[in-house]
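> Below you'll find the structure I mean.
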Amino acid sequence: MNMLMRTEYPPYKISESQSIPLLLDVIYNKSSDEEYKSFKFYNKSSSEKKQYFNILQQFYSYSPFFKGYVLWLIDSPRMTHLAINEILELESKGYKNIIVMGKKNADINFFRKNSIEPITAELQQVIREYEIKYLFTPCLNRIHNKILDKLSICKIGIQHGYGTWVEANMLNHVDKHYNFGYISAQDFNPTISKTAGYSPTKTYSFFKPADEGYILYLSQGANFTNKQNVIYGGAELVKISKYFRMPLVIKTHASAGKEFDDVVEAKVYKEGEINTEELIRKAAIVITSWSGAGVESIFFKKPTVIIDTQNNNGKFFKNSGLVVEPIFETIKKRIKDILEGKQFLNQDFPIKINHKGGVEASKIITEDIQ
């Protein structure tokens, strides 16, 4: 069995603990996935989840040995997609995982002056009790960094997003770090950070192509991609939907609140209601300003339009060829050109942004754990 320890704040502390099945038992249908309901894969539809588990079985097999425990420090359920393949990889090597994870997605209150003494003492006790030598985290941040500095074990960081401007300054808090690809690697210290790839994408090419004929808009949050400058004004995505006679589906960002609730012209899903990857996989066109969602769309080989709502040329996407201004006529022309077969994605961009399509990422990230 693995263990799941749930955290809350303030103060930052472990509030509950439970035994949970090995993820290997879940994907091989030997155990229910109920205990993993806070993980991002849990809200896939039944058919999508079945495909996902069948694909994962091609990569991971059981180990007859038990070698010990590995510790995970994850601030939010939203970050669990950056641990799934690595957890399975470790289980295949004979390790069990102790996952310390937030009950809810980290918000602004998490990053305020938050006492870390309770959780630091609790983690030190867990490390002693289970004789843990390795800690993994996809959540380098100013709260976790204070904790990491007080833990005397090998600490391994996984790049947590395609925007590297914050994380690049935090590598001194871990012993090793793994980044996604050539483009992001340039922002990290090469003596600490090794290129591995974005492991969630390793399953993407195994799904059958799907197209349910809708335009998917993935919002980034109320500050940048709201109704006023994207849905009804500026990009005018409702008007875009009507022009192309394609339904508009909106998946809102966690910070959007109730902002999109009254958009009657679209099917609106809130954070946690439906799986974002599944929506991307079945879309005809994907529109977003959100770096992570845009990358996932690219690797599902979906026609993708990145709208530059922050006037910074799409941050990490500036070399992709996909970035356009959030203006109705500009987006309309781009979609027309896409539907007519024109290509805008720089062909080397997917290679540079995600090392070997992420297929070897989890192996590389866990290669030192033998």
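> Being in a loop (DSSP other than H, G, I, E, B), in the same structural domain as Arg78 (by TED's automatic domain parsing) and out of contact with any Leu (no Cβ under 8 Å at 6 or more places or on another chain): is that true of Ser184 here?
Numbers: in a loop (DSSP other than H, G, I, E, B): no; in the same structural domain as Arg78 (by TED's automatic domain parsing): yes; out of contact with any Leu (no Cβ under 8 Å at 6 or more places or on another chain): yes.
So Ser184 does not fit the description; no.
> Let me ask another. Out of (1) over 13 Å from Lys13 (Cα atoms); (2) modelled with pLDDT under 95, the odd one out for Asn145 is which?
(2)
For (1) surrounded by 17 or more Cβ atoms within 10 Å (Cβ to Cβ); (2) touching a residue at least 12 places away in the same chain (Cβ under 8 Å); (3) assigned by TED's automatic domain parsing to the domain that holds Asn97, each residue gets a yes or a no:
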position: Ser46; (1), (2), (3): no, no, yes
position: Lys49; (1), (2), (3): yes, yes, yes
position: Gln58; (1), (2), (3): no, yes, yes
position: Ser63; (1), (2), (3): no, yes, yes
position: Lys67; (1), (2), (3): no, yes, yes
position: Val70; (1), (2), (3): yes, yes, yes
position: Ser76; (1), (2), (3): yes, yes, yes
position: His81; (1), (2), (3): yes, yes, yes
position: Ile84; (1), (2), (3): yes, yes, yes
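> Counting only residues that are without any contact (Cβ under 8 Å) to a residue 24 or more places away in the chain and among the aliphatic types (A, V, I, L, M), which one in the range 172-200 is surrounded by the fewest Cβ atoms within 10 Å (Cβ to Cβ)?
Ile192
> Right, next: Hey, could you check the range 80-125 for residues that are assigned to a helix (DSSP H, G or I) and among the acidic types (Asp, Glu) and say which is nearest to Phe65 (Cα to Cα)?
The extreme case among them is Glu91.
> Evaluate the following for Tyr130: is it of a type in the set (Phe, Trp, Tyr) and closer than 28 Å to Glu360 by Cα? Outline the logic, then answer.
Values: of a type in the set (Phe, Trp, Tyr): yes; closer than 28 Å to Glu360 by Cα: no.
When the stated conditions are applied, Tyr130 does not pass them.
> Just for the range 293-311: of the residues that are assigned to a loop (DSSP other than H, G, I, E, B) and modelled with pLDDT of 90 or more, which one is nearest to Val359 (Cα to Cα)? Before the answer, list the steps.
So the first thing to find is which residues in the range 293-311 are assigned to a loop (DSSP other than H, G, I, E, B), and the list is 300-303, 308-311.
When the remaining residues are screened for being modelled with pLDDT of 90 or more, the result is 300-303.
Values: Phe300: 14, Lys301: 16, Lys302: 19, Pro303: 22 Å.
Selected residue: Phe300.
> Specify the residue that is modelled with the lowest pLDDT; the eligible residues are those in the range 94-142 that are touching a Lys or Arg at 6+ places or on another chain (Cβ under 7 Å) and over 21 Å from Ala83 (Cα atoms).
Phe111
> If Ile287 satisfies all but one of (1) in a loop (DSSP other than H, G, I, E, B); (2) under 28 Å from Phe180 (Cα atoms), what's the number of the condition it fails?
It is condition (1) that Ile287 fails.
> Right, next: So for the range 46-63 (the condition being farther than 28 Å from Met170 by Cα, in a helix (DSSP H, G or I) and among the aromatic types (Phe, Trp, Tyr)), does at least one residue qualify?
Yes, because at least one residue in the range 46-63 is farther than 28 Å from Met170 by Cα, in a helix (DSSP H, G or I) and among the aromatic types (Phe, Trp, Tyr).
> Here's something else I'd like to know. Return only the number of the condition from (1) touching a Lys or Arg at 6+ places or on another chain (Cβ under 7 Å); (2) in contact (Cβ under 8 Å) with a residue 60 or more places away in the chain that Asn354 does not satisfy.
(1) is the only condition that Asn354 fails.
> Follow-up. Spot the failing condition for Glu131; the list is (1) touching a residue at least 60 places away in the same chain (Cβ under 8 Å); (2) under 16 Å from Lys13 (Cβ atoms); (3) in contact with a strand residue (DSSP E or B) (Cβ under 7 Å, 6 or more places away or on another chain); (4) assigned to a loop (DSSP other than H, G, I, E, B), and only one is missed.
With respect to (1) touching a residue at least 60 places away in the same chain (Cβ under 8 Å); (2) under 16 Å from Lys13 (Cβ atoms); (3) in contact with a strand residue (DSSP E or B) (Cβ under 7 Å, 6 or more places away or on another chain); (4) assigned to a loop (DSSP other than H, G, I, E, B), Glu131 is out only on (2).
> In addition: Scan the range 227-270 for residues that are touching a Leu at 6+ places or on another chain (Cβ under 9 Å) and of a type in the set (Phe, Trp, Tyr) and report the count.
The total comes to 2.
> Regarding the range 139-146, can at least one residue be identified that is part of a strand (DSSP E or B), among the polar types (S, T, N, Q), in the same structural domain as Leu82 (by TED's automatic domain parsing) and surrounded by 15 or more Cβ atoms within 10 Å (Cβ to Cβ)?
No, the range 139-146 contains no residue that is part of a strand (DSSP E or B), among the polar types (S, T, N, Q), in the same structural domain as Leu82 (by TED's automatic domain parsing) and surrounded by 15 or more Cβ atoms within 10 Å (Cβ to Cβ).
> Can you pull out the residues in the range 154-180 that are within 15 Å of the chain's Cα centre (by Cα) and assigned to a loop (DSSP other than H, G, I, E, B)?
Scanning the range 154-180 gives Gln159, His160, Gly161, Tyr162, Gly163, Thr164, Phe180.
> Could I ask something else about it? Considering only the range 157-171, state which residues are farther than 18 Å from Ser76 by Cβ and surrounded by fewer than 16 Cβ atoms within 10 Å (Cβ to Cβ). It would help to see each step written out before you state the result.
We begin by selecting, within the range 157-171, every residue farther than 18 Å from Ser76 by Cβ; these are 164-165, 168-169, 171.
Listed by number, the residues that qualify are Trp165, Asn169.
> Kindly indicate whether Glu236 is touching a residue at least 60 places away in the same chain (Cβ under 8 Å), surrounded by fewer than 16 Cβ atoms within 10 Å (Cβ to Cβ) and touching a helix residue (DSSP H, G or I) at 6+ places or on another chain (Cβ under 8 Å).
Numbers: touching a residue at least 60 places away in the same chain (Cβ under 8 Å): yes; surrounded by fewer than 16 Cβ atoms within 10 Å (Cβ to Cβ): no; touching a helix residue (DSSP H, G or I) at 6+ places or on another chain (Cβ under 8 Å): yes.
No: the conditions fail for Glu236.
> Output the residue which, of all residues in the range 86-134 that are of a type in the set (Asp, Glu) and over 14 Å from Met3 (Cα atoms), is surrounded by the fewest Cβ atoms within 10 Å (Cβ to Cβ). Even if it seems obvious, please write down each step before you answer.
Restricting attention to the range 86-134, the residues satisfying the condition of being of a type in the set (Asp, Glu) are 86, 89, 91, 107, 117, 122, 129, 131.
Those left that are additionally over 14 Å from Met3 (Cα atoms): 86, 89, 107, 117, 122, 131.
On the way: Glu86: 26, Glu89: 21, Asp107: 13, Glu117: 13, Glu122: 18, Glu131: 8.
Looking at the filtered set, the residue picked out is Glu131.
> I want to confirm something. Restricting to the range 312-342 and keeping residues that are assigned to a helix (DSSP H, G or I) and within 17 Å of Gln220 (Cβ to Cβ), which single residue is farthest from the chain's Cα centre (by Cα)? I'd like the intermediate steps shown before the answer.
Of the residues in the range 312-342, the ones assigned to a helix (DSSP H, G or I) are 315-317, 328-339.
Now restrict to residues that are within 17 Å of Gln220 (Cβ to Cβ): 315-317, 331.
Details: Lys315: 17, Phe316: 15, Phe317: 17, Ile331: 26 Å.
Filtering first and then ranking leaves Ile331.
The values are calculated or read from the model by the stated rules, or taken from the named source; none is laboratory data. Source: prediction; values computed, not measured. Cβ sites come from the backbone with ideal geometry, for glycine too, and all protein chains shown count toward neighbours.
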